[in-house]
Every structure is written in structure tokens, then in C-alpha cells.
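This report concerns only the one structure given below.
Coordinate-derived values only; no laboratory data. Every value quoted in this text rests on a predicted model; they were computed, and no experiment measured them. Positions of Cβ are backbone-derived with ideal geometry, glycine not excepted, and every protein chain shown enters the neighbour counts.
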Amino acid sequence: MQLKLAGAVLGFALALASGAHAQVSVSTTNTVYREAGGGLETTSITPSLRIQGTIQDRVTLRAGWEADVVSGASVAVVDAPGAVDAITSATEWSDFRNTATAGFGIKSEYATLEGSYTYGTENDYRSHAFALTASAQLFERNTTFSLTYGRGFDRVCNLLQPRAQESVDRVRMPSSEGCFEDDAGREELKLALHTVQGAWTQAWAPIFATQLTLSAQILNGYQGNPYRAVWLGRVAAQENHPENRARYAAGLGLRFWVNPLKGALQLSTRVYRDTWDVSSITAEAAWEQRVLEGFTVRARLRYYNQTGAAFYSDDYVRFPRGQYFTGDRELSPMSSWLVGGHVAYDVPPGEDGGVGPFAGFVILAKFDWVKYDFRDFHYGDAAVPNDRAIMATLGLEASF
Amino acid sequence: MAESRSSSELRVLLAALLLALAASGCVTVRPEDKEFLAEPAMTFGSGGDARAQEEHVMGNREGSFGAGSATGGGCGCN
């Protein structure tokens with residue numbers, strides 16, 4: 001499959017490069033995320049390849065591939081008896097996710113229309129996602145409005161169990177073996193996603209711009225982790241989440257250019273609420289500095305805080321929350337701090353107007369450190385041990 | 001009572017938004033004054049694929065991340 005995809009991407013590149021007035025760019029971005037501690041760990045490696053061609057400055061075509069190679073050790077049965085040490089019930093797992101994307105863009109003098117399709121596949125997951133974005137520039141291009149609609153058709157593999165069965169009698173799926181292979185012991189559950197997002201970007205002054213973003217998302221279908229179970233007192237049952245969730249978010253970003261320093265102050269905040277009663281606030285401050293021609297450095301600090309879901313409990317034996325139960329630490333009250341930054345180098349063109357064999361070349365190196373605080377989540381009596389993470393990204397982009 | 005309070009807060013927010021939208025039509029930054037606005041540091045969404053990958057990774061570690069994302073794919077979480 002990868003060979004076919006590589007062939008298609010190469011063919012796309014050659015077709016674009018041979019076209020008149022075509023500008024082609026190829027980029028690769030690779031991210032490594034790792035959190036570890038107390039025997040629990042997650043490592044994900046995300047490579048991607050994108051190719052984009054613009055013809056006559058009007059039509060843009062894009063194709064891309066991205067993967068996730070994820071492995072780790074996690075707790076399969078949350079709060080199982082005797083699991084005072086999270087290590088004792090940790091199980092090793094791994095997964096491989098592939099996505100292929102194709103998209104287009106059509107630009108007129110003051111408006112743009114973009115569309116994309118993404119197909120994703122994992123051992124236990126399939127997804128089809130469509131997105132359409134329309135944007136328009138007004139008032140001498142000082143105002144930009146954009147509207148995006150996204151639609152997802154996902155399928156999740158689960159152990160075949162009668163849905164009419166009491167949720168406390170359902171057991172967790174031990175592995176992805178047999179998923180999407182006509183195995184009589186497996187079933188496919190649907191998850192439908194609708195996303196609408198509007199954005200208003202405004203230049204208020206030569207050194208000041210803002211962006212307001214409003215988004216809403218409706219999810220309907222299976223939203224649990226089929227591998228995870230929660231100890232309920234007499235049995236460990238597969239976690240049971242509601243099938244409907246509506247999510248709303250509003251974000252505001254500000255950019256100030258400080259000319260004496262040749263840098264920009266970037267502030268952003270985001271508030272979020274959903275029908276599972278999770279609400280959150282995110283605040284980020286960053287400084288991006290132009291150091292030399294084409295060379296920029298960015299440093300940032302980000303804070304995130306959320307409440308827990310209405311049905312979340314740290315101990316379902318003593319404090320049950322009705323028909324739903326979860327072992328997902330991301331649905332508990334939590335907060336995190338992130339400190340990081342990046343360096344980017346947009347290599348200045350030489351006397352011939354190019355950068356070696358390329359019309360342009362950009363290198364990006366990014367690093368972040370994250371500290372989580374799961375103040376109301378425990379594995380038995382043990383606090384979450386893997387509460388620190390690092391994230392590193394290397395990106396390269398060449399244009400022809 | 002709480003519903004009525006949140007409803008009036010929503011009305012105030014909506015009014016502020018409409019006022020800001022109306023004000024945006026009066027703002028004029030001339031093309032020759034947009035040198036700094038064209039800097040990558042002043043451009044929203046300039047993070048590209050690196051930003052998208054961060055959102056994907058963090059989206060699996062926070063309960064509310066990425067509600068605006070329209071891309072597909074599984075959780076990669078287990």
C-alpha cells in the first residue's frame with residue numbers, strides 16, 4: 001500500500017512540475033512524543049509527507065500521507081483489586097495508524113474554496129473524513145471570514161457483545177486480532193462526526209491583528225476505548241461512555257508586532273464546554289523573534305485546565321455515577337503546563353534566486369515539555385506516574 | 001435562575017461581537033502598511049503540519065482538545 005501511495009505521490013509531483021507555471025512544494029514533518037514513569041509509558045512517532053502544487057496561482061492540489069507508530073504500557077483494568085501499584089496491571093500494546101489525504105483549493109481575488117478527504121486505517125479503526133472550507137476577504141483585505149464544515153464516518157472494532165446486554169456485563173476486548181476480518185467474535189461500531197467552525201481574522205492596525213474562532217462538533221456513536229475496563233465492585237466491565245456528545249469551543253488569538261525588537265507577542269485563549277460536562281480553559285503566551293534573515297526563534301508557555309465529565313468517578317465502587325463509567329484519565333479533572341519553542345530557518349535565496357536545486361528551503365525544529373496534573377485520578381491508591389512528557393518535531397520543506 | 005444568567009451573558013457576548021464586527025468595517029490598514037502583518041510571526045495558522053501533529057498528539061491527552069478539528073483518524077491511544 002505504501003509503495004502504491006509513494007508512486008501516486010511521485011506521479012502527482014511530476015505531473016505538476018511539468019505543468020506550465022506550476023509551483024510545487026514537498027514537505028516532511030516528523031513528531032516524537034514520549035511520556036513515561038512508574039512502568040507506564042506511551043511513545044508515538046508520527047511521520048508525514050505532503051506534496052502541494054499550485055497552478056497559475058489559482059488552483060492548488062494537495063496529497064499527503066501520515067502515520068502513527070504508537071506503543072506503550074497502560075493499565076487495562078482501572079482500579080482492579082490489588083492494583084495498588086500501577087505497574088502490576090500494566091499491559092503492553094502497540095498500534096499503527098495510516099492516513100492518506102487528498103485536497104484541493106481554488107482561489108479568486110478575494111475568496112478561497114478548499115476541500116479535502118482523509119482516509120485513516122488502524123488495526124481496530126477506520127475513518128473517512130471530508131472537510132470543506134470557504135473564506136472571503138473584505139474591507140481592503142483587512143477582514144477575513146472563513147467557514148469550515150467537516151464530516152467524519154468512523155468505525156471502531158469491538159468485541160461482539162449484545163448491545164442490549166447490561167453494560168456492567170460487557171468485557172473488554174483483549175486485542176485487535178480479528179478486527180475488520182469477518183471474525184465472528186468482532187463487531188464494527190459506527191461513530192459519526194459533524195464539525196462546524198467559523199473564524200474571523202482582523203487586522204486592526206499595522207502591528208496588531210486578532211482571530212476569533214467559534215466551533216461546534218457533534219459526535220454520535222461509540223466513543224469508548226474497547227480495550228479498557230473499570231472495576232465496579234464485583235466485576236471489571238468495559239468502559240461505557242454516552243453515545244452522544246456535543247462540543248463547543250471559542251478561541252481568541254492576538255498578535256502584536258514589536259518593531260524595535262523585530263519580534264511578535266502572540267497571546268491566545270480558548271474556552272470549551274461539552275454535553276458530558278467537561279469544560280476547559282487554555283491560555284498560551286509566546287514570543288517569536290526574527291534573529292537573522294530567515295532565522296526565527298519562538299518560545300512559549302501554555303496552561304490548560306479542565307473539569308471532569310459528569311459521569312467520571314475516581315472510585316466507582318464507593319462513588320458510582322449512574323449508568324456510565326470510564327477509566328479514561330482525560331475525562332477526569334486535570335491540568336497541564338507546557339513549555340517549549342522552535343527554531344525555523346527559511347534559507348535565504350542566493351544570487352540566482354534559488355537555494356541550491358530548490359526555489360526555497362525551510363527547516364523547523366520544535367521541542368516541548370509537558371507536565372500533567374491528574375488531581376482526581378488514581379490507579380487504586382496510586383497517583384498517575386507517567387505525568388511528564390516530551391514532544392519533538394523536525395520539519396523540512398522544499399519548493400520547486 | 002442560572003439559565004437566565006447564562007442567557008443574558010450570551011446576549012452581552014453577542015452584542016459585543018456584533019459591535020466588533022461593525023467596527024471592523026471602519027478599520028483601514030493600507031496595503032503599504034502591511035509589512036509587519038505579513039511576517040510569519042503575525043500570521044494565524046502559520047504552524048502548518050507541525051501544529052497539526054501537535055494537535056493530534058495532544059488531542060488524545062486532553063479531554064477538550066481539537067473540537068475544531070475536521071480531520072479524521074483514530075485515537076492512537078489504547
TODO: Check the straight Cα-Cα distances from A:Lys107 and name the lysines below 27 Å, setting aside those fewer than 8 residues away within the same chain.
DONE: B:Lys34
TODO: Within the range A:23-69, report the trypsin sites (Lys or Arg not before Pro) that DSSP leaves as loop and that have at most 14 other Cβ atoms within 10 Å.
DONE: A:Arg58
- [ ] Find the centroid of the Cα atoms in the range A:212-242 and in the range A:259-296, then give the distance between the two in whole Å.
- [x] 30 Å
- [ ] Using only alpha carbon pairs under 8 Å that are at least six residues apart, calculate the relative contact order of chain A and give it in whole percent.
- [x] 14 percent
Open item on the list: Please compute the average number of Cβ atoms from other chains found within 10 Å of each residue's Cβ in peptide A:245-251.
Closed with: 3
TODO: Could you rank the peptides A:149-162, A:351-364 by their average count of other C-beta atoms within 10 Å per residue, with the highest value first?
DONE: A:149-162, A:351-364
Task: Taking A:Ser175, A:Ser127 and counting other C-beta atoms within 10 Å, the order from fewest to most - done: A:Ser175, A:Ser127
- [ ] Using R₀ = 25 Å, calculate the FRET efficiency as 1/(1 + (r/R₀)^6) where r is the Cβ-Cβ separation of A:Ala164 and A:Leu232; round to 0.05.
- [x] 0.85
Task: Efficiency of FRET from Cβ geometry, A:Gln56 and A:Val271, R₀ 35 Å, rounded to 0.05 - done: 0.25
- [ ] From the P(r) of the protein assembly as shown, can you give the percent of Cα pairs sitting at distances over 34 Å?
- [x] 38 percent
TODO: Can you tell me the 0 to 90 degree angle between the C-alpha axis of helix A:2-18 and the longest principal axis of chain A, rounded to 10?
DONE: 20 degrees
Open item on the list: With a cap of 10 neighbouring Cβ atoms within 10 Å, and only residues DSSP puts in a loop, list the trypsin sites (Lys or Arg not before Pro) found in the range A:267-326.
Closed with: A:Arg318
TODO: Could you tell me which GluC sites (Glu not before Pro) in the range A:207-302 are loop residues by DSSP with no more than 16 other beta carbons within 10 angstrom of their beta carbon?
DONE: A:Glu243, A:Glu293
Open item on the list: Could you identify which residue out of A:Gly233, A:Gly198, A:Gly350 has the top mean-square fluctuation in a GNM of chain A using Cα springs shorter than 10 Å?
Closed with: A:Gly350
Task: A:Leu212-A:Phe367 FRET efficiency (beta carbon distance; Förster radius 22 Å; 0.05 resolution) - done: 0.15
